[in-house]
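Notes for the one structure printed next.
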Amino acid sequence: MNRILAQARIELIQITRDRMSLILILALPVILLIVIGSAINLKVSHLPIVIQDFDGSGTSREFADAFRASDSLYVVSWPTDRGPEDALLLNKARAALVIPSHFERDLLRRGGAPVQLLADGSDSNTAALVAGYVTSIVSAYNQSHGRAQDAAPVRAETRLWYNPGLDSKKYSGPGAYVLNLSLFAPLLASLAMAKESETKTILQVYVSNISAHQFLLGKVLAFTVVSLAESLPMLVTLKVYFGMSFAGDPTPFIVGTVLYAFCIAAFGVMAGAAIPVRALATQVVSIGGFLLTFLLSGLVFPVDNIPWQLRWISNFVWAKHYIAVVRDAFLQGGGWRSTWLEIVIIAVTGLVFYAIAWKTLRPMQVSA
């Protein structure tokens, strides 16, 4: 045990003496957390829309004013003698609402009048949002004029749980936290491990009486501490900037964070041990720590939206399971009954990484 602690102490001393390493651990993750967490916004606002009113009546103008009062949309002026397709083609608007002639007459006589919505489908996500916003505004207009019961005798009342304000920061903040935690600590671990081989200092380990287990555990312990130290300022940022706090029992999050710190430290050490070239080792860590986390972990969009040909890969992405733990801790508060399996998978994944690193170094170890 003393040898493991001594090896970890050596690594931590080297890190604290390197200012660039300290910046990577403490400052840069917080900056990127704020930037990425703020940039990922799933709730689009102030989308430009064109309204062409061919009726010109008081009722049609009142109906158009309901869209002008919306915070999600803003109405762009567009002449009625130009086709609405031109507004979409010239990127002047993301959608066009066409109010036909005799709108007021049909509304009074028949009790209903159709309007047409043209949405720019080149961006499918924005088109779906525009359609949803327009539907909500039309429903609110109908309710305010007492037409909702006639048009829809069965009406669903929606209640949003966990994030009733649909604040995108509360969704993207935990994901950005996991992304930064998954990148920097294993990156430093892989650099430190690969540097041992490039500079040939690892030969001193081979001829010493320290075992492969003691050497690797010392490395993993050091960068586990680094990961936990990196998480602290980011958690403060989640509290202060993103306005997030624990929704329930924090112990699953604490245990999951410690195990995840061990997992990513073991991943970085494994990459550095298996690939004794710093440039290649960092590329592997970048793919695992950033690319897979960003695309296949559910950070930005649900895993169910990934094509089934690639969806199965997400089960092996360790960040996917930790994101579930973090979001449960800060949003849902389900506790152990919701996250115990994810925590077990994180622990098993870390042990697999450690076993691969040990198997890589063990044949090169000289027996004492």
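Filtering the stretch 54-97 to residues that are touching a residue at least 40 places away in the same chain (Cβ under 8 Å) and either over 22 Å from H145 (Cβ atoms) or within 41 Å of the chain's Cα centre (by Cα) (or both) leaves F63, A66, F67, S70, S72, L73, K92, A93, R94, A95, A96, L97.
Checked against the criterion of being modelled with pLDDT of 85 or more, part of a helix (DSSP H, G or I) and not assigned by TED's automatic domain parsing to the domain that holds G173, the candidates V75, V98, V134 yield just one match: V134. The set of residues from the stretch 87-107 being open to solvent by less than 10 Å² (accessible area, probe 1.4 Å) and of a type in the set (V, I, T) comprises just one member, I99.
Being within 15 Å of the chain's Cα centre (by Cα) and not in a helix (DSSP H, G or I) is the requirement here; does G298 meet it?
For G298, the condition - within 15 Å of the chain's Cα centre (by Cα) and not in a helix (DSSP H, G or I) - is met.
Let's see how each residue does on (1) within 32 Å of the chain's Cα centre (by Cα); (2) without any contact (Cβ under 8 Å) to a residue 24 or more places away in the chain; (3) over 30 Å from L117 (Cα atoms):
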| residue | (1), (2), (3) |
| --- | --- |
| R3 | no, no, yes |
| Q7 | no, no, yes |
| N41 | yes, no, no |
| I51 | no, no, no |
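The values are calculated or read from the model by the stated rules, or taken from the named source; none is laboratory data. Quantities reported herein were computed from a predicted structural model and do not represent experimental measurements. Virtual Cβ from ideal backbone geometry, glycine too; neighbours counted across all protein chains shown. Only protein heavy atoms, including side chains, enter the accessible area calculation; ligands, DNA and RNA are left aside. Shrake-Rupley method; radii C 1.70, N 1.55, O 1.52, S 1.80 Å.
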